[in-house]
Amino acid sequence: MRIKNALVYTVEHGFVERDVLIKNGCFAGGEAAGTDGEEILDAGGDYLIPGLVDIHFHGCAGHDFSDGTPEALQAIGAYELRQGVTSICPASMTLSEETLKTVCANAYAYTKRLESEQDTGARLIGIHLEGPFISMEKKGAQNPAYIRNPDVEMFLRLQEAAHGLVRLITIAPETDGAKEFIRRLADQVHISVGHTCSDYETAYRAFSLGADHVTHFFNAMPPFTHRAPGVFGAAFDAKHVMPELICDGIHIDASAVRVVFSLFGAERMILISDSMMATGMEDGAYSLGGLPVTVRGNLATLEDGTIAGSATNLMDCMRKAVSMGIPLETAVRAATYNPARAIGAADVCGSITAGHRGDCVLLSKDDLSTKKVIFGGKVVA
């Protein structure tokens, strides 16, 4: 496939007008020769961006990643792909070890079904374990019955069940065993600070030991103040750290979104959806990690009013970020290249680069609506 007359997003130069060639499912160099009868797609001057990469979401289309069933991942993968989210690293909830083993094994089985073309859906490039090694005080919508201190051996058992697919894990660094956990595992998995009561010193020590990520910035952590900068200040000072942000219009005010992007810069920010099973569905009663959730519009809450994930997919979060004043090229980077880089997957996805998977999305230059989703060089939506 050759895509002509597109404004193509590049990490180095923003949007540039050029052709894009996809051969054998991967992007080819612009100078690569075409073949007789190759498919031509005229973009008509619209934007061509990499397929989006969501490294923190729980579900959609009436299903939860933590269901641990083939049917759930099939529905989730199909929905995400239709939205232009072509690479996924879904997040588990705080659950029992046996349940998490099932979730991890199911994720690996999904990747094998995709390889054999038994399933069609977004590519699963990793797993995000959001719990159980978190703070009881900042549990958010996580189930308190399964919260426990960081446990290296338990993590290794889960990683074995996942066949090495766990790329990101959230922990509260103030908990017993957290420092040893980070020391031993920072070279094996990306460690995120989240669901935490950490002060500045504790968070900065975690980053110094090798943690390199912050789970849904602002949410489930102490607020930033001028005498107690907390996780916010520590993440800013530790220049290798990349914070996630939920730009659904519910979790974070637009002004705070602009502040964080301005302070941390385009190179460090990550957009996530944190979506739960109601995403893409009607208002009503759902669940998240076994806890009942009520959804009205974009707002998902537990019975006590606690926000329980989002009901917005990543493509719509990216559009919302732009409506909040984030430049389009910055928002695209935060939803593609940065999340891929954050979990060590930027060599296969997240940018329109020769040799990378031929996944991209054509967006209207007028209103950013999705015109086409291209997956491995084939139009799928």
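Under 5 Å between amide hydrogens, which residues at least 5 positions from LEU165 or on another chain qualify, with H placed 1.01 Å from N in the peptide plane?
Excluding prolines and chain starts, which carry no amide H, there are no hits.
For the pair GLU282 and ASP347, what calculated FRET efficiency results from E = 1/(1 + (r/R0)^6), where r is the Cβ-Cβ distance and R0 = 41 Å, to the nearest 0.05?
0.55
Give me a comma-separated list of calculated 3J(HN,Hα) values for the stretch 312-328, in order, Karplus coefficients 6.51, -1.76, 1.60 applied at θ = phi - 60°, integers in Hz, x for any Gly or Pro.
Values, residue by residue: 10, 7, 5, 4, 6, 5, 5, 4, 4, 4, 5, 5, 7, x, 7, x, 4 Hz.
What residues have an amide H closer than 5 Å to that of LYS23, excluding those fewer than 5 places away on the same chain, when H is modeled at 1.01 Å from N in the peptide plane?
Excluding prolines and chain starts, which carry no amide H, the hits are ALA28.
What FRET efficiency comes out for the pair LEU156/ALA109, r = Cβ-Cβ distance, R0 = 30 Å, nearest 0.05?
0.90
Quote the relative contact order of the chain in percent (integer), defining contacts as alpha-carbon pairs under 8 Å separated by 6+ residues.
Worked out over the chain, it gives 21 percent.
Compute the angle between helix 97-115 and the longest alpha-carbon principal axis of the chain, please, reported from 0 to 90 degrees and rounded to the nearest 10.
Rounded to the nearest ten degrees, it is 10.
Hey, how many Å between the Cα centroid of the stretch 318-360 and the Cα centroid of the stretch 178-249?
Using only Cα atoms, the two centres lie 22 Å from each other.
How far, in degrees from 0 to 90, does helix 200-209 lean away from the longest principal axis of the Cα atoms of the chain, to the nearest 10?
Taking the Cα atoms of the chain, the angle to 200-209 is about 60 degrees.
Quick one: what do you get for the chain if you divide its Cα Rg by 2.2 N^0.38 Å?
Scaled against compact globular proteins, the figure is 0.94.
For n ≥ 4 DSSP H runs only, could you compute -39500 (n - 2.57) per run for the chain, divide by its residues and tell me the 222 nm figure to the nearest 500?
It comes out at -8000 deg cm²/dmol, rounded to the nearest 500.
Quick one: if you stick a label point 7 Å off each Cα along the C-beta vector at GLU267 and LYS378, how many nm between them?
Going from the GLU267 label point to the LYS378 one covers 3.9 nm.
Mark the label point 7 Å from the Cα of ARG258 along Cα→Cβ and return the residues of the stretch 325-355 whose backbone N is within less than 15 Å of it.
In the stretch 325-355, the label zone of ARG258 (backbone N under 15 Å from the point 7 Å along Cα→Cβ) covers 325-328.
Output the 0 to 90 degree angle, nearest 10, between the alpha-carbon long axis of helix 152-161 and the longest principal axis computed from the alpha carbons of the chain.
Long axis of 152-161 versus the principal axis of the chain: about 30 degrees.
Check cross-link reach from LYS138 to the lysines: straight Cα distance under 27 Å, and skip same-chain residues fewer than eight apart.
Once the sequence-local lysines are set aside, what remains near LYS138 is LYS101, LYS179, LYS239, LYS320.
Stretch GLU38-ARG184 to full length: gain in nm at 0.36 nm per residue minus the Cα-Cα span?
Here the segment from GLU38 to ARG184 would lengthen by 47.5 nm.
Give me the distance in nm between label points sitting 7 Å out from Cα along the Cα-to-Cβ direction at GLU97 and ASP176, one decimal.
If labels sit at GLU97 and ASP176, their model points lie 1.6 nm apart.
Where both partners of a DSSP beta bridge lie in the chain, what percent of those bridges are antiparallel, to the nearest 5?
In the chain, approximately 55 percent of DSSP beta bridges are antiparallel ones.
Values quoted throughout were computed directly from the atomic coordinates according to the rules given, and no laboratory measurement underlies them. Small disclaimer: the values here were computed from a predicted structure and weren't measured. Because the Cβ atoms are built from the backbone with ideal geometry, glycine has one as well, and the counts that use them run over all protein chains shown.
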